């Protein structure tokens, strides 16, 4: 099951804090950040699904680009999916606007992953939740669970 990390619309540091507990020598640990969501995205090898507004997602991915291993963009809105040959695994591929993939492209991406390209990290983006598309059958559920290992939700938190 995917873990969701909410950044509340911020793309800068949003640290996870350690609890303050006494050290064995009676002093206290510092309250410095343990790891930020951005650092987690930089260093993880998991497939990432990044949700949020186009401009926020673009800034976020631009900040991560230098940390991706051999990054390749294989899909942008309005373009056809361009996968590499199955025998050439890639470090990281980016699938922008994954919600706009056709059924045929979804099947092709899933097959590409299943023929030994599991070592490739996939970073996919969407401006909307994919759950309604899953419920209507407009998005391949097997592909969804392969892509959605770690979700970074950059949509602003709504106060109630």
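Coordinate-derived values only; no laboratory data. The structure displayed is predicted, hence computed values, not measured ones. Because the Cβ atoms are built from the backbone with ideal geometry, glycine has one as well, and the counts that use them run over all protein chains shown.
Between the stretch 97-153 and the stretch 51-86, the alpha-carbon centres lie 13 Å apart. Segment residue 131..residue 84, full-extension length gain: 14.1 nm, with 0.36 nm per residue of separation and the alpha-carbon distance subtracted.
The listed peptides 122-128, 141-147, ordered by packing as a protection proxy, come out as 122-128, 141-147 (highest mean of other Cβ atoms within 10 Å first).
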